[in-house]
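Visitor: Take this structure, written in C-alpha cells, and hold onto it; I'll ask about it next.
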Amino acid sequence: MKTAKFVKELTVVDPDTNEDILISVYKHENGGMFAMDSSWLDQCTDEDTYPIIPDMFEETGEVMLVEDNQISNFIGNVDLPQE
C-alpha cells in the first residue's frame, strides 16, 4: 500500500457557497500532490487510525494518509502480509 504524507491545511473559498473551507494537502509517495476537504476527513475517519482512501494516481489500489514519515519508515522496514 502506498502512503501520502500530510503537508499542510489551507483555507479556500467554495465556489458554490462562497464560504471558506479547510482542505488538507498531501504528498503522494509517487511525487504527486492532492488535497481534500478536511471536514470530510474529520467526519469519515477514525482519529485513532490512519485513513485509507482509493489511490487517485493508480487505477487500483489504496493510499494511507499519514501525518509524518514515521509510519512510512515503519511499513518499509516490516514484512507485512499482502492481500
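The values are calculated or read from the model by the stated rules, or taken from the named source; none is laboratory data. Just so it is clear, the model here is predicted, and its values are computed rather than measured. Note that we place each Cβ from the backbone using ideal geometry, even for glycine, and neighbour counts take in every protein chain shown.
Visitor: In the range 25-57, how many residues are touching a residue at least 24 places away in the same chain (Cβ under 8 Å) and polar (S, T, N, Q)?
Guide: Residues that pass the stated criteria total 2.
Residue by residue, here is whether (1) part of a strand (DSSP E or B); (2) at pLDDT below 90; (3) of a type in the set (Phe, Trp, Tyr); (4) more than 13 Å from the chain's Cα centre (by Cα) holds:
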residue	(1), (2), (3), (4)
Lys5	yes, no, no, no
Glu9	yes, no, no, no
Pro15	no, no, no, yes
Ile21	yes, no, no, yes
Ser24	yes, no, no, no
Asp42	no, yes, no, no
Phe57	no, no, yes, no
Leu80	no, yes, no, yes
